[in-house]
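One structure is given here, and the rest of the page talks about it.
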Amino acid sequence: IILGGKEYGTGSSRDWAAKGTKLLGVKAVLVESFERIHRSNLVGMGVLPLQYLEGESAATYNLDGTEVFSIGGLDPLNRGETVHQVPVRVTRANGEVVEFDVRLRIDTPTEAEYFRHGGVLNFVLRQLAAK
C-alpha cells in the first residue's frame, strides 16, 4: 500500500506512474485526494484507489507506512458493483489496532469490472479468450 497526500498522481507521467505502481507490487493507494486521470489509470492497472474521508489524512491516524493494512468490504466488487466506503484495519508493530473507514474510489460499474479482473488488460484478454 502507498500512503499519499493531496492530488496524488499529478504530473505528466501519470499514465506510466500507474503502470510502475502495479509493477512494483502495490495493491492499494490510500490518499487525501487523487488527480482524476491517475485514479482511473490505477483502477485500469488493478490497483485499489482509496481515499481518506473528508478532513482525514495519514496524520489523523498517526500512520507512517510501517503498519500492516487489511482492507475489507470489497465483496460487491466481485459482482461488478461499486461500494463507496470500506473498513480499514491497521495493525502497528506494537500490536495496537486502529480501524477507520475510507472511500473506495472505484466510481463506475465498468471500473468495478476492470478491477475485478485485475485490470483492463486482463479484462480484455479474458474477453478475447472467451470468443
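The values are calculated or read from the model by the stated rules, or taken from the named source; none is laboratory data. What you see is a predicted model, and the numbers here were worked out from it, not measured in a lab. No Cβ is skipped: glycine too gets one built from the backbone with ideal geometry, and neighbour counts run over all protein chains shown. Side chains included, ligands, DNA and RNA excluded: accessible areas come from the protein's heavy atoms. Shrake-Rupley method; radii C 1.70, N 1.55, O 1.52, S 1.80 Å.
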task: Note the angle between two axes, namely the Cα long axis of helix 14-23 and the longest principal axis of the Cα atoms of the chain, as a number of degrees from 0 to 90, rounded to the nearest 10.
output: 80
message: Could you tell me the center-to-center distance, by alpha carbons, between segment 90-131 and segment 1-55 in angstrom?
response: 12
query: Quick one: accessible area per residue over the chain, 1.4 Å probe, rounded to a whole number of Å²?
result: 57
query: According to the Kirkwood expression over distinct Cα-Cα pairs, how big is the hydrodynamic radius of segment 66-131, in Å?
result: 13.5
query: With labels modelled as points extended 7 Å from the Cα through the Cβ direction, what inter-label distance (nm, one decimal) is found for residue 113 paired with residue 37?
result: 2.4
message: Could you work out the relative contact order of the chain? I mean the mean sequence separation of Cα pairs under 8 Å and 6+ apart, divided by the number of residues, in percent.
response: 24
message: Sequence gap of 8 or more, or different chains, plus Cα separation below 26 Å: how many lysine pairs satisfy both in the chain?
response: 4
message: Taking the Cα centre as origin and putting +1 on Lys and Arg beta-carbons and -1 on Asp and Glu beta-carbons, what dipole magnitude results for the chain, to the nearest 20 debye?
response: 640
task: Show me 20-29, 39-48 ranked by packing, highest mean number of other Cβ atoms within 10 Å first.
output: 39-48, 20-29
message: Working only with C-alpha atoms, what are the Rg and Dmax values of the chain, expressed in angstrom?
response: 14.9, 52
Mean residue ellipticity (222 nm) of the chain, computed from DSSP H runs ≥ 4 via -39,500 (n - 2.57), nearest 500: -8500 deg cm²/dmol
- prompt: Put +1 on the Cβ of every Lys and Arg and -1 on every Asp and Glu Cβ in segment 10-67; which of 37, 66, 52 then has its Cα farthest towards the positive end of the dipole?
  reply: 37
